[in-house]
């Protein structure tokens with residue numbers, strides 16, 4: 001009997017847009033969204049020019065928008081975003097592929113550089129497991145708050161492969177599928193015996 005597993009990038013592969021940006025716009029509103037990116041422009045440019053890492057660039061944005069935000073308040077907003085906005089960002093062809101693989105008995109794993117906070121609820125709803133970036137928290141005045149940093153490494157590029165191999169014994173599977181849409185997904189795509197690049201466009 002074939003044992004199947006499928007790894008899906010989330011942003012741009014299953015969704016039509018980058019959900020980190022969409023969540024910030026949803027949570028903060030358009031004026032603060034644009035102000036934040038204007039003030040963060042030097043760091044974003046430095047990332048684009050490869051002067052700083054993907055993680056450092058992302059942490060500057062996260063810190064500007066969410067540092068010291070109480071985790072419970074942040075998570076409540078993430079849950080609302082997942083219910084109200086995320087369904088409209090999902091690609092129908094990706095949903096069809098997920099359904100087909102589930103019917104074949106494949107294990108579905110969502111692998112994302114975005115924080116897990118607004119993806120997990122949806123992933124649970126389709127019976128998928130989730131590997132994603134985790135946001136760092138600390139305690140201030142008795143409340144758990146976001147630090148603005150990422151816990152460990154950003155789940156991007158080779159980190160996706162490291163996390164997959166940490167959580168799954170790939171030699172146990174006869175069929176390995178991988179789906180992605182960017183250069184950051186190429187290491188993960190190389191794991192797949194059956195790999196698809198930008199398959200749902």
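Remarks
- Using alpha-carbon coordinates, inclination of helix 71-84 to the longest axis of the chain, degrees: 50
- Taking all Cα pairs closer than 8 Å and separated by 6 or more residues, the relative contact order of region 92-201 comes to 18 percent.
- Cα-based Rg / Dmax (Å) for region 96-201: 15.5, 51
- Average Cα contact separation per residue, the chain, under 8 Å, 6 or more apart, as relative contact order %: 30
- Percent antiparallel among DSSP beta bridges (both partners in the chain, rounded to 5): 30
- In a fully extended conformation the segment linking residue 83 and residue 68 would gain 3.0 nm over its present Cα-Cα distance, using 0.36 nm per residue.
- Calculated FRET efficiency, residue 46 to residue 103, Cβ-Cβ distance, R0 = 45 Å: about 0.50 to the nearest 0.05.
- Peptide packing: for 1-14, 56-69, the average count of neighbouring Cβ atoms within 10 Å per residue gives the ranking 1-14, 56-69, highest mean first.
- Of every Cα-Cα pair in region 117-172, the percent that sits beyond 20 Å: 43
- Global form of region 1-82, assessed from the alpha-carbon gyration tensor, a/c cut-off 1.5: oblate
- Label-point separation, residue 194 to residue 141 (7 Å along Cα→Cβ), nm: 5.5
- Gain on full stretching of the segment that runs from residue 34 to residue 53 - 0.36 nm per residue minus C-alpha separation: 4.6 nm
Values in this text are rule-based calculations from the coordinates and carry no lab data. As the structure is a prediction and not an experimental result, all values here were calculated from the model. Because the Cβ atoms are built from the backbone with ideal geometry, glycine has one as well, and the counts that use them run over all protein chains shown.
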